[in-house]
Amino acid sequence: MSCLNGNILLSKLPVGKSGIVIDLLNEGDKRRRFLDLGLTPNTLVKAERLSPSGNPIAFNIRGTVLALRKDEASKILIKVIDRR
Amino acid sequence: MGLTQESSGLSLIKYEYPFEEHEDKTVIALAGNPNTGKSTLFNYMTGLKQHTGNWPGKTVLNAYGSYRHEGKEYMIVDLPGTYSILANSEEEEIARNFVCFGNPEVTIVVVDSTCLERNLNLVLQIMEITDNVIVSLNLMDEAKRKGIKIDVKKLEVLLGIPVIPTIARDGVGITEIMKTITNLQSIVNPNKVKYSEKVESLISKIESILLEYLDKNTNTRWISLRLIDGDIEIKNQLEKLLLRNGVGRKPLEEIEEILSENENIGDEIVTEIYYYAEEIAKVVTEVDNSKKINWDKKIDDILTSKITGYPIMILLLGVIFWLTIVGANYPSELLAKGLFALEKNLNILFTHLNAPDWLYGILVLGVYRTLAWVISVMLPPMAIFFPLFTLLEDLGYLPRVAFNLDNSFRKAGTNGKQSLTMCMGFGCNAAGIIACRIIDSPREKLIAMITNNFVPCNGRFPIIIAISTIFVGGLVNSQYNSIIAAISVVVVVLIGILTTLLVSKFLSVTFLKGMPSSFTLELPPYRKPQLGKILIRSILDRTLFVLSRAIIVAIPAGAITWVFANININGVSLLQTCASFLNPFAKLLGLDGLILMAFLLGLPANEIVLPILIMGYMSQNTMIELESIDALKTLLLNNGWTFVTGINFMLFSLLHFPCGTTILTMKNETKGLKWPIFTIVLTTIITILVTFIINIISKIFI
């Protein structure tokens, strides 16, 4: 598993759990697209559901449910947080 | 459209927007995130029935309409829904360019009040471009249901612009918006985003350079921000303008030097706007969590579940087809009876008028019969299929289909949004081709266009339904034949989807090599459909539109086909001569020459393939009255049709070259003939191979 200072990649966030964005691991247009979607540092992200085949994964990002493919979600470093 | 167009400078850029002749009208832009009810508001204000669907990326073209208020004429432009207008997708560019260069006097930003923080991001971005912004705080009813309370007054003060609570679908707040627009002289004092000291000092440095060279009405703050953000288009435009004004590259070089010391500062700009939005949303929103029953989640648990996700999808499709077949059966028969009874009256009339035989032939046997067929075969299924499909669209089910299927498309090297464009293809492939604009990657867009034709459009559905009913449904006891026919239609559609995936994969590793690009899909909340509007919209907009297109094509086609079938050379009709010529080849495909002729003559629109075929057969076996599907069955069987002919006829219809309209649309979208021709060749090869193989297999086993 990708353990980076106790942080994990968003693609590994179990459904139902939340995390906050620590860093984006990509550059250029793709990084920019993430930021435009509201994936800025410290943003709360919740893994909502898996598609029937397990990929893509739907996340709640700033009140909107957005589906991202696993390889893209693995470009986002997050810190899992406890949230009731 | 695009910033590359020759223009007179940033402040003077005039795009060729289609309504520039209406200079006396006040132009209003309508912006907003996807799924905020923008198009609903637009329809309500203009009365123009633009089609809205509950899935992102519907408005890919600027739709525009007008309204009058207190004696003044206003023109509204509905922009594509976007989360941001900074990035580089086609939709964002369209929205951004219009707000910037379309010179709207007012920009209304429609905001989803259930998710204020995300939506305010766009509001703040637009406020940087223009001062005259009005917020329509929409979906207030949904917010109330979710226990979300928004302090509108406070929001207004914090933003410094008018904020009007609305429920667009019920028309609540629309008059207030119109009033606000009419009374809007200039917005008092919009509170624009204040960035960190670092960014602000950069802005003022660059602004001071720009102010020396640019018109003082130019929004130098915004241009500075865009330059800091590394916006290449704006930079190029600025360069052009400076060169034209004889200033040269010096100011740009100065700016570049300032920026070179501050790399990656673009991130900061985006992040800070979001933080600002977050802060405002926090202050004005109050959430009562006790009210939250998350129905969306419960529904999604079923519709996208590992176990039930796919079966429900197929079942829904099956039920829609079954309802269409069962429901259309009786009205179709009634219509046919009525129209053919009318034909008898026409016969009497023509005899009475002593009309020449050829005129009677062209007008009654050619045009009228083709029309009667097109109407009685197409109208009832469409009037059932379209409302049902629109219902699914309105509910918000289609994005779930894309979500469920994305993995297959990923494996095929393309984009899950392709399934949305395929859904549009069910209505009309030309519409499906246009819908491909929602796919950002040019490679994936092309693949989606090339394969769109493998989804049977409504012009081909009647063929597939009729043949399914005769040759597949007819295999079993009449009690179950509508169910079997529906299953057969579903199987045909599944074959189409499978073909789409296989061909997409094939293209991804051959002609259009590449890796799948990024994919972001919003799963919007389910919305209660407005049944009345669905009926009106799907019947008026879709059914009658498609039917009228079919009728327009059917009239000349009916006449031409009759002439073809009745001009005799050496005692053989022209149609027969062509058909005989094609016959040996057609036989290899398990078809006959006339079937191929019908598909060739049906190029302008697939709707007329069956009528042409019927007329062709009838000219050899006259006096059959085609009043029901049974009569069609007899006619086909009399002309040597077998089960295999039926199957291959359906497959040919499913896979063959796109219709004329689709080809033209593709030519427009790809700006050239290369890809349309490629598509015609590819689909033709596939069709020939598939029908040939099935014919050979059937010869071996049957």
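A short reminder: the numbers here are calculations on the coordinates, not readings from a lab. From a predicted model like this one, the values you see are computed outputs, not experimental measurements. FYI the Cβ positions are ideal-geometry reconstructions off the backbone, even for glycines, and counts take in every protein chain you see.
Evaluated at 25 °C with a viscosity of 0.890 mPa s, what Stokes-Einstein diffusion coefficient in µm²/s does the stretch B:134-192 have when Rh comes from the Kirkwood expression over alpha-carbon pairs?
Estimated diffusion coefficient is 201 µm²/s.
Can you check what the net charge comes to around residue B:406, using other residues whose Cβ is under 9 Å from the Cβ of residue B:406 (Lys, Arg +1; Asp, Glu -1)?
Every neighbour counted, the sum reads +3.
As a check on your grasp of the helix formula, calculate [θ] at 222 nm for chain B: sum -39500 (n - 2.57) over DSSP H runs of n ≥ 4, divide by the residue count, round to the nearest 500.
After summing the helix terms and dividing by residue count, I get -19000 deg cm²/dmol.
Translational D (Stokes-Einstein, µm²/s) of chain A at 10 °C and 1.306 mPa s when Rh comes from the Kirkwood sum over C-alpha pairs?
The Stokes-Einstein estimate is 127 µm²/s.
Along the positive direction of the dipole of chain B (beta-carbon charges: Lys, Arg +1; Asp, Glu -1; about the Cα centre), which of B:193, B:577, B:150 reaches farthest?
The Cα lying farthest towards the positive end belongs to B:577.
Using Cα atoms only, what is the angle between the long axis of helix B:609-620 and the major principal axis of chain B, expressed in degrees (0 to 90) to the nearest 10?
Roughly 20 degrees between the two axes.
What's the FRET efficiency of residue B:642 with residue B:509 using the Cβ-Cβ distance as r and R₀ = 35 Å, to the nearest 0.05?
After rounding to 0.05, the efficiency reads 0.40.
So how strong a dipole does chain B carry about its Cα centre when Lys and Arg Cβ are +1 and Asp and Glu Cβ are -1, to the nearest 20 debye?
Dipole of chain B, to the nearest 20 debye: 2080 debye.
Could you tell me the relative contact order of chain A? Use alpha-carbon pairs under 8 Å, at least six residues apart, and round to a whole percent.
Working: 155 pairs, mean separation 35.5, N = 84.
Over chain A, the number comes to 42 percent.
If one takes the longest principal axis of the Cα atoms in chain B, at what angle in degrees, from 0 to 90 and to the nearest 10, does the Cα axis of helix B:309-352 lie?
Between the helix axis and the principal axis of chain B, the angle is about 60 degrees.
Would you mind computing, in nm to one decimal, how far apart the modelled labels at residue B:342 and residue B:475 are, each placed 7 Å from Cα along Cα→Cβ?
3.8 nm
Give me the mean projected area, in nm² to one decimal, of the convex hull enclosing the Cα positions of the stretch B:554-672.
Averaged projected hull area, Cα only: 8.6 nm².
Take the alpha-carbon centre of the stretch B:529-588, take the same for the stretch B:77-146, and report the distance between them in whole Å.
45 Å
When B:197, B:91 are ordered from fewest to most other Cβ atoms inside 10 Å of their Cβ, what list results?
Fewest-to-most ranking of B:197, B:91: B:197, B:91.
Restricting to bridges with both residues inside the protein assembly as shown, how much of the DSSP beta-bridge set is antiparallel, in percent to the nearest 5?
Numbers: 38 of 57 bridges.
That works out to approximately 65 percent antiparallel.
Tell me the label-point distance for the pair residue B:295, residue B:667, using the 7 Å Cα-to-Cβ offset, in nm and rounded to one decimal.
It works out to 4.9 nm between the two label points.
If you take each beta carbon of peptide A:24-37 and count the beta carbons of other chains within 10 angstrom, what is the mean?
5
Other chains' Cβ within 10 Å of A:38-45 residues: what's the mean?
For this peptide, the per-residue mean of nearby foreign Cβ atoms is 5.
How much length is gained on full extension from residue B:68 to residue B:528, taking 0.36 nm per residue of separation minus their Cα-Cα distance?
Stretched fully, the residue B:68-residue B:528 segment lengthens by 162.6 nm.
Which one, B:266, B:110, B:638, projects farthest toward the positive side of the charge dipole computed for chain B from Cβ point charges (K/R +1, D/E -1)?
Selected residue: B:638.
Return the percentage of antiparallel bridges among DSSP beta bridges fully within chain B, rounded to the nearest 5 %.
Bridges in chain B are about 40 percent antiparallel.
With unit charges on the beta carbon (Lys/Arg positive, Asp/Glu negative), name the residue among B:386, B:415, B:402 whose Cα is farthest towards the positive pole of the charge dipole of the stretch B:359-430.
The residue sitting farthest along the positive end of the dipole is B:415.
Regarding chain B, what whole-number volume in Å³ per residue does the convex hull of its Cα atoms give? All intermediate terms of the calculation are to be shown ahead of the outcome.
Numbers: hull volume 139.0 nm³, N = 702.
Taking only Cα atoms, chain B has a hull volume of 198 Å³ per residue.
If we count other beta carbons within 10 Å of each Cβ, what is the order of B:343, B:261, fewest first?
The fewest-first ordering by Cβ neighbours comes to B:261, B:343.
Please report the relative contact order for the stretch B:507-640, taking Cα pairs under 8 Å with a sequence separation of at least 6, and give it as a percent rounded to a whole number.
Details: 88 pairs, mean separation 20.7, N = 134.
Relative CO of the stretch B:507-640 lands at 15 percent.
Provide the packing ranking of B:117-128, A:39-50, i.e. peptides ordered by the mean count of other C-beta atoms within 10 Å per residue, highest first. Write out the running numbers ahead of the final one.
On the way: B:117-128: 24.2, A:39-50: 19.4.
Those peptides, ordered most packed to least, come out B:117-128, A:39-50.
To the nearest 0.05, how large is the calculated FRET efficiency for residue B:685 and residue B:494 if R₀ is 25 Å and r is the Cβ-Cβ distance?
0.70
For the protein assembly as shown, restrict the atom set to alpha-carbon positions and state the Rg and Dmax in Å.
Cα only, the protein assembly as shown: 29.4, 95 Å (Rg, Dmax).
Above 15 angstrom, tally the Cα pairs of the stretch B:342-411 and express them as a % of all pairs, no decimals.
70 percent
Could you tell me which of rounded, prolate or oblate describes the stretch B:219-328, using a ≥ b ≥ c as the square roots of the eigenvalues of the alpha-carbon gyration tensor, with rounded for a/c under 1.5 and, failing that, prolate when a/b is larger than b/c and oblate otherwise?
Prolate, because a/c is 1.5 or more and a/b exceeds b/c.
With contacts defined as alpha carbon pairs under 8 Å and 6 or more residues apart, what's the relative contact order of chain B in percent?
Worked out over chain B, it gives 12 percent.
By counting other Cβ atoms within 10 Å of each Cβ, how are B:144, B:306, B:445 ranked from fewest to most? Mind dumping the intermediate values first?
On the way: B:144 15, B:306 11, B:445 24.
Final ranking by Cβ density, sparse to dense: B:306, B:144, B:445.
Once Rh is set to the Kirkwood radius over Cα pairs, what Stokes-Einstein translational diffusion coefficient, in µm²/s, holds for the stretch B:653-702 at a temperature of 4 °C and a viscosity of 1.567 mPa s?
Working: Rh = 12.1 Å.
So the translational diffusion coefficient is about 107 µm²/s.
For an R0 of 60 angstrom, estimate the FRET efficiency from the Cβ-Cβ distance between residue B:563 and residue B:261 and round to the nearest 0.05.
Here the calculated transfer efficiency is 0.20.
Return the distance in nm (one decimal) between the two label points of a simple spin-label model at residue B:236 and residue B:699, each offset 7 Å from Cα along Cα→Cβ.
With each label placed 7 Å out from Cα toward Cβ, I get 5.7 nm.
Which shape class, rounded, prolate or oblate, goes with the stretch B:426-516 when its Cα gyration tensor gives a ≥ b ≥ c as root eigenvalues, a/c under 1.5 marks rounded, and past that a/b bigger than b/c marks prolate?
Note, shape of the stretch B:426-516 comes out prolate.
Could you name the aspartates and glutamates in cross-link range of residue B:699, using Cα to Cα under 19 Å and dropping any fewer than eight places away on the same chain?
Output for residue B:699: B:592.
From the square roots a ≥ b ≥ c of the eigenvalues of the alpha-carbon gyration tensor of the stretch B:520-576, which class results: rounded (a/c under 1.5), prolate (a/b over b/c), or oblate?
prolate
If you take the Cα Rg of the stretch B:522-617 and divide it by 2.2 N^0.38 Å, with N the number of residues, what do you get?
1.58
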